[in-house]
Structures are given as structure tokens and as C-alpha cells.
Amino acid sequence: MSIGKIGVVGAGTMGNGITQAFAVAGRKVVMMDVAEAQVQRGLATISASLDRLIKKDKMSAPQKDAAMACITTVSSLDALADCDLVIEAATENVDLKLRIFADLDRIVKPEAILASNTSSISITRLAAGTQRPGQVIGMHFFNPVPVMALVELINGLQTSAATYSAVEDVAKAIGKTPIKVKNSPGFVVNRMLCPMINEAVFALGEGLATAAEIDEAMKLGCNHPIGPLALCDLIGLDVELAVMQVLYEGTKDPKYRPAPLLVEMLEAGYLGRKSGKGFYDYK
């Protein structure tokens with residue numbers, strides 16, 4: 001099974017990052033979002049990211065032009081009909097993802113593979129909403145996508161060996177390192193990372209230390225490059241809560257109970273960097 005043209009659903013942080021990774025590798029990629037303004041923001045983000053690489057002498061202007069020429073932007077799923085692989089990178093909401101997968105299943109060609117960039121949701125559940133469960137797989141990238149080498153590849157119960165092999169090959173072709181992960185709540189990285197972040201929020205809520213002190217403790221005491229609360233702001237508090245809810249509901253283990261402060265901050269509209277405020281202010 002050969003993968004040529006790539007489709008990406010979602011032009012937000014993860015969607016435009018995935019698009020950039022494929023475009024820089026010379027792959028034709030179609031970036032789709034329902035809002036034209038969001039599509040243009042995503043395209044501008046990619047352009048600015050490549051400009052930074054040029055300033056660091058990691059890319060030439062002609063290379064940027066070649067990468068940008070690989071990208072097509074659209075605002076309708078119908079425009080993805082001839083893609084060989086479509087990667088869904090929408091908000092971490094199971095109902096939304098199920099709707100997208102049902103629509104894609106109807107639109108794209110029968111042999112196309114459908115992948116989800118979900119950070120925690122069951123691939124088997126997403127596949128069950130399609131008529132091609134053997135061609136559905138998890139392809140979980142990490143933020144920032146152009147920088148982070150890892151991709152978790154998650155087979156659903158019915159994912160075929162041919163689907164896994166094709167997606168593994170395309171991940172390697174764009175310079176990523178894929179690892180095979182069991183379809184389990186949170187997969188590997190978020191199963192370990194998000195509870196650590198959640199515990200940092202518990203510590204903050206209990207007044208153990210300030211946000212800056214908690215982050216400094218983990219950077220200096222554990223040699224982490226970024227503190228857990230600053231990382232949560234980067235990931236998005238909404239994503240962190242969504243993963244913790246999936247872990248808690250999927251395992252029924254109280255150790256995955258979301259921190260009350262995390263829930264309250266979401267209620268206040270604090271999402272982290274993307275909203276301008278999280279555990280730190282960004283405005």
C-alpha cells in the first residue's frame with residue numbers, strides 16, 4: 001500500500017504542525033479546516049515557522065518556497081476525496097471525531113487510510129464508526145510537531161497489518177521515529193506525562209508552592225527542560241483535562257482523577273498559551 005497525497009483535518013497547533021512536517025519532506029498535503037480564517041492562520045503559522053528556520057540557517061528561502069508549494073488549503077472535507085491518507089487533528093472530543101470519521105469514510109476513496117492524531121481516545125471506537133475499520137489507525141504526533149521526533153502508532157482491534165506498515169513507512173519517510181503502542185487509554189507518553197502534570201496542578205491547588213516554584217523544582221531537581229505547569233500551558237489545559245478524563249473513565253482508577261483546580265480553570269476559560277492565560281499570563 002503506497003501513500004502519496006496526504007490530507008490533514010484541522011489547521012490548529014497540531015494540524016498545521018503535521019502539515020508542515022509533510023510539506024518540508026516534499027509530500028503533497030491538503031490542510032482542511034471548516035473556518036477559512038483558521039486555515040489562513042494555520043498557513044501563516046507554517047510560513048512564520050519556516051522563516052525562523054531560515055534565520056537559523058537551517059533552511060534556505062528556495063526550500064521554504066518548495067515546502068509552501070506542497071500545501072493546498074481547503075475548507076471542505078469533500079476536497080480530501082483523492083487523498084491516500086487523511087490525518088484527523090481536531091479537538092480532543094470523541095463525538096466530534098466520530099462525526100469527522102463518519103464523514104471521511106463516506107467521502108474518501110475506498111482504499112484510503114484514516115488516521116487520528118488523538119492523544120487518548122480509543123482507535124477501535126473511532127474505527128467502529130466507519131465501514132473500513134481495517135484502514136483506521138492512531139497516528140499521535142507531539143507538539144511542536146516539526147521538532148518532536150516521536151510518533152505513536154496505535155492499532156485498533158481491526159487495524160490491518162498492511163495499514164500499519166504503510167503508515168509506519170510514511171512516518172519514517174518524513175523523519176519521524178514511530179513506536180507501536182497498544183490501544184489503551186492515554187497510550188504510552190500521555191499515560192505517564194499527563195498524570196505528572198495533573199499532580200503538579202494538585203500541588204499548586206494545595207498551596208505547596210507557586211507555579212513558578214513547582215516548575216523550577218522539576219527543571220532543577222529532575223533536569224526537565226520545561227516545568228509541568230508551563231508544559232500544560234503549551235499543550236492546552238483543555239487537552240490535559242480531556243486526557244485525564246479518558247484515563248479516569250477508561251481505567252476507573254482514582255489516581256487519574258483530574259485536579260479540581262484544572263477543572264475550575266477550564267470553567268474560567270483559561271486554556272494556556274492559546275487563550276493568553278493559563279498558569280502563566282501570555283498577553
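Here region 94-111 is the region considered, the condition is being of a type in the set (A, V, I, L, M) and in contact with a helix residue (DSSP H, G or I) (Cβ under 9 Å, 6 or more places away or on another chain), and the residue that is modelled with the lowest pLDDT is 94. I need the full set of residues from region 134-150 which are crowded, with 16+ Cβ neighbours inside 10 Å, of a type in the set (Val, Ile, Thr) and part of a loop (DSSP other than H, G, I, E, B), in order please. Residue satisfying the conditions is 145 alone.
Those residues that are touching a Cys at 6+ places or on another chain (Cβ under 7 Å), free of Cβ contacts under 8 Å to residues at least 60 places away in the same chain and of a type in the set (D, E, K, R), I need them from region 1-40; list them, please. The answer is 28, and nothing else.
Would you check which residues across region 189-220 are outside any helix (DSSP H, G or I) and surrounded by 14 or more Cβ atoms within 10 Å (Cβ to Cβ) and list them?
Hit for region 189-220 is 209, nothing else.
Of the helices (runs of 4 or more DSSP H) lying entirely inside region 1-99, the ones with 1 or more residues being exposed (fewer than 14 other Cβ atoms within 10 Å of the Cβ) are found at 36-55, 61-69.
Filtering region 199-235 to residues that are in contact (Cβ under 8 Å) with a residue 40 or more places away in the chain and in contact with a Lys or Arg (Cβ under 8 Å, 6 or more places away or on another chain) leaves 233, 234. On inspection, residue 71 fails the criterion of being under 28 Å from residue 122 (Cα atoms) and touching a residue at least 24 places away in the same chain (Cβ under 8 Å).
Only one entry of 157, 114, 126, 153 meets the criterion of being part of a strand (DSSP E or B), over 26 Å from residue 280 (Cα atoms) and over 14 Å from the mean Cα position of the chain (by Cα), and that entry is 114. If the condition is being of a type in the set (A, V, I, L, M, F, W, C) and either surrounded by fewer than 16 Cβ atoms within 10 Å (Cβ to Cβ) or over 24 Å from residue 253 (Cα atoms) (or both), then region 164-188 contributes 166, 167, 170, 171, 173, 174, 179.
For region 7-55, filtered to residues that are modelled with pLDDT of 95 or more and of a type in the set (Asp, Glu), the residue that is farthest from the chain's Cα centre (by Cα) is 51. Here residue 122 meets each of (1) over 20 Å from residue 5 (Cβ atoms); (2) small (Gly, Ala, Ser); (3) without any contact (Cβ under 8 Å) to a residue 60 or more places away in the chain with one exception, condition (3).
The values are calculated or read from the model by the stated rules, or taken from the named source; none is laboratory data. From a predicted model like this one, the values you see are computed outputs, not experimental measurements. When we count neighbours, we look across all protein chains shown, and the Cβ atoms used for this are built from the backbone with ideal geometry, even at glycine.
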